[in-house]
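Below is one structure; the comments refer to it alone.
The values are calculated or read from the model by the stated rules, or taken from the named source; none is laboratory data. Bear in mind the structure is a predicted one, so any value in this text is a computation, not a measurement. Backbone-built Cβ (ideal geometry, glycine too); neighbour counts: all protein chains shown.
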Ligand code: AMP
């Protein structure tokens, strides 16, 4: 059965109030739609942990630093609803932009430190947009738990920080990255890749895996990084925006994985920006 689609905050609030009055726990899975198995793994985690599950679909204009990117972002609401019909989802919340940002909206939530590196450094305003909408979605849904993918590792750290710092009642839960069979991390943006580009795309995760093996074997980061960038560009990618080894907790740069660390990358392939990260 296709879950009920709710488009207004008022309707959402009324439904959640009933659930809360009955003592039920609420889980939320925030998404921008164009759902794939990565999103659905978060839905499964929510189903297991919570009595009620809300999936939100909102292509958040505030987190796009490029108007063309916002316009081209895939929108597949009917297919998304179909996919969710195979899950125990109680509501799909699909607010329009005016419902989230009504006339006069003037608040911006900004997290320092964590957002100043990686995607934050390359996409000005992106994480303010994420933080602002996530805060609103948490308070609107009154969720007990919210499920986010490690695919967007920096976002997961930022949202975790935000929920703690603002004493939000929602606990942020991180879930592992789901990949295609050839290793490419699933992403709504993969839909934007041409067939030719799609064939090249797994070189990113292959290169990162080899880099991680090299680090574990004691090779230096500088040497591994130079080789990795060459390999990615030779495979036909246009640009390596960043390819860093960073500490999991505060995203500070590391030379060697002396504490829990992640390799994180953003690259451009045929006009599409892809990100990935793996544990080292
Ligand atoms: P998005 O619709 O791209 O904003 O993503 C919504 C949520 O799904 C975020 O928490 C993402 O981290 C998560 N997500 C996206 N792709 C994947 C994936 N391949 N594996 C796990 N989670 C994912």
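Summary table
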| quantity | calculated |
| --- | --- |
| Which listed residue is modelled with pLDDT of 95 or more, surrounded by 22 or more Cβ atoms within 10 Å (Cβ to Cβ), near the ligand (Cβ under 9 Å from one of its atoms) and within 16 Å of the chain's Cα centre (by Cα), from 134, 159 | 159 |
| Residue 192 under 22 Å from residue 59 (Cβ atoms) and away from the ligand (no atom under 11 Å from the Cβ) | yes |
| Pair list, Cβ < 8 Å and 6+ apart or interchain, from the stretch 34-49 residues that are farther than 18 Å from residue 191 by Cβ and more than 10 Å from the ligand (Cβ to nearest atom) to residues that are assigned to a helix (DSSP H, G or I) and at pLDDT below 95 | none |
| Matching entry among 122, 86 (being surrounded by fewer than 20 Cβ atoms within 10 Å (Cβ to Cβ), closer than 18 Å to residue 29 by Cα and either in contact with a helix residue (DSSP H, G or I) (Cβ under 7 Å, 6 or more places away or on another chain) or not assigned by the TED database to the domain that holds residue 247 (or both)) | 86 |
| Criterion (more than 28 Å from residue 18 (Cβ to Cβ), over 13 Å from the mean Cα position of the chain (by Cα) and more than 16 Å from the ligand (Cβ to nearest atom)) met by exactly one of 96, 120, 113 | 113 |
| For residue 159: the one exception among (1) farther than 20 Å from residue 33 by Cβ; (2) without any contact (Cβ under 8 Å) to a residue 60 or more places away in the chain | (1) |
| Leading residue by the ranking (farthest from residue 102 (Cα to Cα)) among those in the stretch 51-73 that are buried (at least 23 other Cβ atoms within 10 Å of the Cβ) and more than 15 Å from the chain's Cα centre (by Cα) | 52 |
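Yes/no matrix, rows are residues, columns are (1) surrounded by fewer than 18 Cβ atoms within 10 Å (Cβ to Cβ); (2) under 17 Å from the mean Cα position of the chain (by Cα):
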| position | (1), (2) |
| --- | --- |
| 139 | yes, no |
| 146 | no, yes |
| 154 | no, yes |
| 165 | yes, no |
| 171 | yes, yes |
| 179 | yes, yes |
